[in-house]
Amino acid sequence: MMTEQLPDEMELATAAHVKYIQSLDTKKDEYDYWLTEHLRLNGLYWGLTGLHLMGHEDALPRPETVDFVLSCQHENGGFGAAPGHDAHMLYTVSAVQILVMVDALDELETRGPGKAKVGQFISSLQNPSTGIFAGDEWGEEDTRFLYGALNALSLLGMTSLVNIDKAVEYVVACGNFDGGYGVRPGAESHAGQILTCVTSLAIAGRLDLVDIDKLGRWLSERQLPCGGLNGRPEKREDVCYSWWVLASIEIIGRTHWIDKEKLVHFILECQDTESGGLSDRPNNMVDVWHTCFGIAGLSLLNYPGLAPVDPVYFRYALPVPTMTQMGLDIFAVSETPVKPGPRVEYVFLRCINSPVSSEWKE
């Protein structure tokens, strides 16, 4: 990617973005802060991931980060969005991801009910007859929860607790004639759900089940004249799809089917260079969700100064050697998949770990 072609004013305002993320937990006297309490743990994950990708992993205090995460845990092992909130798969995944990023998984043993309890909570949400996972005890099922379960359990080294084959069967059943995947069998293809399904297959080692060219065609058609990507046909561009779409198309080796330079321009146009943060579209209000995934998209596009991303096992914002020590294979994907190998770079967990959001409805 020829980033040197970008005009001087089109540079990532890293310092401003770091300050923006650092400021998010200082606005407790603002109404919006409490309206978004149901996203608190996810928001910490998004912010921390953005900081890792920008090379500022120490910008948030580690002790306070760990304390907050553990304050969200229930006796059954699951985590809620904030203290006092019900345990849910999505928040549990965020908690595991955060603890991995700050090298604090052991705290689950010394200060919590233990890693085994977390694994039991996640595995208890799998439907044994279909392979899909529920988000909580109330039973809503979604491929986001399936992906989150495989993601967190792989981090914990506990994938043996669930039926991987059944999970794979369910993902395959969500496939559509256009090569994409929906939230459940028969549902329309959507870029967010495609990433949950493709990465679930990657974790399970079954990417051979993906119709690469058909899916690549659908994903590449998500790029609009402005350079941005949308989540499904006839919808507007949104900077977060710089991750959902681009990560999937990178995994299957069809990134050359989109205009990467135009996408870089679009992402950079969505940033607030003075106050920091990125928005869904240029000149809109910024938020930590779009900040995280805009930066992640730039990282996939090899934007200078950002930690590079491994698009298959992009599940963690950790050095690859750390993942190797955890017994996780690391894959590199260029235009075609290559064999596992040690590469000293950073990898990023996509995190389809947010509650249902307005972005996914567009």
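The values are calculated or read from the model by the stated rules, or taken from the named source; none is laboratory data. None of the values given here were measured: they were computed from a predicted structure. In this analysis, Cβ positions are derived from the backbone assuming ideal geometry, glycine residues included, and neighbour counts consider all displayed protein chains. Surface areas here come from the heavy atoms of the whole protein model, side chains and all, with no ligands, DNA or RNA. Shrake-Rupley method; radii C 1.70, N 1.55, O 1.52, S 1.80 Å.
Values computed for the structure shown
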quantity: Computed lengthening from Lys235 to Ser124, 0.36 nm per intervening residue step minus Cα-Cα distance; calculated: 36.3 nm
quantity: 29 Å Cα-Cα reach of Lys214 towards lysines, excluding residues that sit fewer than 8 places from it in its own chain; calculated: Lys166, Lys235, Lys260, Lys262, Lys339, Lys361
quantity: Order of exposure, largest accessible area first, which applies to Ser71, Ser242, Ser123, Ser129 with probe 1.4 Å; calculated: Ser129, Ser71, Ser123, Ser242
quantity: Distance (nanometres) between label positions extended 7 Å along Cα→Cβ at Asp106 and Leu161; calculated: 2.1 nm
quantity: Point-to-point label distance, Glu169-Thr273, nm (Cα→Cβ direction, 7 Å offset); calculated: 5.6 nm
quantity: Distance between modelled label sites at Lys28 and Asp211, nm, 7 Å Cα→Cβ extension; calculated: 5.3 nm
quantity: Computed FRET value (nearest 0.05) for Asp178 with Arg281, which takes r as the C-beta separation and R₀ as 30 Å; calculated: 0.75
quantity: Gain on full stretching of the segment that runs from Glu221 to Asp58 - 0.36 nm per residue minus C-alpha separation; calculated: 54.8 nm
quantity: Accessible area of region 3-349 belonging to carbon and sulfur atoms, whole % at 1.4 Å probe; calculated: 50 percent
quantity: For region 159-168, 3J(HN,Hα) per residue [Karplus equation, 6.51 cos²θ - 1.76 cosθ + 1.60, θ = phi - 60°, Hz, x = Gly/Pro]; calculated: 5, 5, 6, 10, 8, 5, 4, 5, 4, 5
quantity: Exposure ranking of Arg222, Arg206, Arg111 by accessible area [1.4 Å probe, largest first]; calculated: Arg111, Arg206, Arg222
quantity: Full-extension gain in nm, Met10 to Glu188, via 0.36 nm per residue minus C-alpha separation; calculated: 60.5 nm
quantity: Computed accessible area, Phe121, all protein chains, 1.4 angstrom probe, square angstrom; calculated: 20 Å²
quantity: Rounded accessible area per residue of region 3-349, 1.4 Å, Å²; calculated: 41 Å²
quantity: Under 19 Å from the Cα of Lys115 - aspartates and glutamates, other chains or at least 8 residues apart; calculated: Asp67, Glu75, Asp86, Asp103, Asp106, Glu107, Asp136
quantity: In Å², nearest 10: area of His38 left accessible to a 1.4 Å probe; calculated: 80 Å²
